[in-house]
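Only one structure is covered here, and it is reproduced in the block below.
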Amino acid sequence: MKTPLIWSLALSFVILGCSTEAERKSPSTAIPVKTAEIQRKDMSFPIRTVGKLTRDTEMKLSFKIGGIVDKIYVSEGQKVRKGQLLASLKTTEIRNQALQAKNALEKAERDFKRIKALYADKVATLEQYQNTETALNIARANHEIARFNLTHARIKAPQRGVALHKLSEVNELVGPGKPIVVLSSSQSNWKIRAGIADKYIRNIQIGDSAAIHMDAFPAESFSGSISLVGAGANPLTGMFDVEVTLNQTTKTLFSGLIGAVDIFPAKTRQVAFVPIEALYDANGMKGSMFVPSKDGQNALLKEVEIMEIAAGNIAVTKGLEQAHRVITNGSAYLSDGSNILEISEAE
């Protein structure tokens, strides 16, 4: 009778298999871990950068024509009023050109008057009349150009402000359009020009508030708002330019001061907060953490992006979207897929 023997062997294998499975799932073979609940909040974090203080309007003033600098009437840092004379060219050549244009105009007027009378008497031809009329128009235009150039042989302050820089000296030969004086308008607002990394630029928009701190005023904090966001990266720095316009202040500020800027974006995003003990590995602002599987039997390794670490918590922006709890104790003994046993804090 072999049948009882066969059934006995089969029953033994079944019992052995169940025992192995039970041992695999038993608490004695699982790694004990502690977990914490993930807290989620919609919030924004300040974006920190550094920029230079400047006026909203800074003008590089120059002569319209070239020539030799005769006088510069201001020094750097000097306050100027609207219409004040700042610099002038030597005008000997320019005045003679204007006089030449004036004489040419007077001659063209006489010629036109004479030919016009002759044309009325049928003595001059239509072509002669038209030629003298054209010559008169050209002479008028040349005279206006000469007068305009003579007027712009001097630089006057277009607005009240401060002369920041003097870029030329007396007797220096300068070309047309070469900056002579840089004027900062005191009628415009102060602003901070700064650069923002590409990973932050999509979170910033015009109107976002900002706080500015400057070493020149260690006990002061200045407020402002974003007034400009660059549409493209600066080719020199690779950063995106932003401008923060400061709110009105009674403090005497100076162009060129360096300020630390905290920008507070109005846009919010969901952030997961977990205890710092949950961090298994980190490299810069990227890291990894273990979370329990849905059935709580296994540990799953998750790659995360970290926004900030503060007050014993880690703010995670990516990687924990589907998780509800995170392993805070015992992760040193885990690998992806390890069998775990969650224990309470009292154990």
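The values are calculated or read from the model by the stated rules, or taken from the named source; none is laboratory data. All values reported here derive from a predicted model rather than from experimental measurement. Note that each Cβ is placed from the backbone with ideal geometry, even for glycine, and that neighbours are counted across all protein chains shown.
A few remarks follow.
- When ALA146, ALA124 are checked against the criterion of being surrounded by 15 or more Cβ atoms within 10 Å (Cβ to Cβ), without any contact (Cβ under 8 Å) to a residue 40 or more places away in the chain, touching a helix residue (DSSP H, G or I) at 6+ places or on another chain (Cβ under 9 Å) and of a type in the set (A, V, I, L, M, F, W, C), a single residue qualifies: ALA124.
- Residue match in segment 127-135 (condition: in contact (Cβ under 8 Å) with a residue 12 or more places away in the chain, touching a strand residue (DSSP E or B) at 6+ places or on another chain (Cβ under 6 Å) and hydrophobic (A, V, I, L, M, F, W, C)): no
- Some residue of segment 266-276 being of a type in the set (A, V, I, L, M), closer than 20 Å to LYS199 by Cα and assigned to a loop (DSSP other than H, G, I, E, B): yes
Matching residues to (1) of a type in the set (Gly, Ala, Ser); (2) loosely packed, with under 13 Cβ neighbours inside 10 Å; (3) within 23 Å of GLY161 (Cα to Cα); (4) at pLDDT 90 or above:
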| site | (1), (2), (3), (4) |
| --- | --- |
| ARG193 | no, no, yes, yes |
| LYS199 | no, yes, no, no |
| SER221 | yes, yes, no, yes |
| GLY224 | yes, no, yes, yes |
| GLY232 | yes, yes, no, no |
| THR250 | no, yes, yes, no |
| LEU253 | no, no, yes, no |
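- Selection status of ILE263, buried (at least 18 other Cβ atoms within 10 Å of the Cβ), at pLDDT 85 or above, in contact with a helix residue (DSSP H, G or I) (Cβ under 6 Å, 6 or more places away or on another chain) and part of a strand (DSSP E or B): no
- Summed over segment 294-347, the residues that are assigned to a strand (DSSP E or B) and either farther than 12 Å from THR35 by Cβ or of a type outside the set (Ser, Thr, Tyr) (or both) give a count of 27.
- A single entry from THR249, THR245 fulfils the requirement of being more than 17 Å from LYS199 (Cα to Cα), polar (S, T, N, Q) and in contact with a Phe, Trp or Tyr (Cβ under 7 Å, 6 or more places away or on another chain): THR249.
- Summed over segment 307-340, residues that are of a type in the set (A, V, I, L, M) and over 11 Å from ALA278 (Cβ atoms) total 8.
- Scanning segment 218-237 for residues that are hydroxyl-bearing (Ser, Thr, Tyr) and closer than 20 Å to ALA197 by Cα yields SER225, SER227, THR237.
- Residue check for VAL242: closer than 25 Å to ARG202 by Cα, in contact with a helix residue (DSSP H, G or I) (Cβ under 9 Å, 6 or more places away or on another chain), of a type in the set (A, V, I, L, M, F, W, C) and buried (at least 18 other Cβ atoms within 10 Å of the Cβ): yes
- Selection of strands (runs of 3 or more DSSP E) fully inside segment 95-190 by the criterion of at least 1 residues being hydroxyl-bearing (Ser, Thr, Tyr) and either over 30 Å from ASN247 (Cα atoms) or within 48 Å of the chain's Cα centre (by Cα) (or both) returns 179-185.
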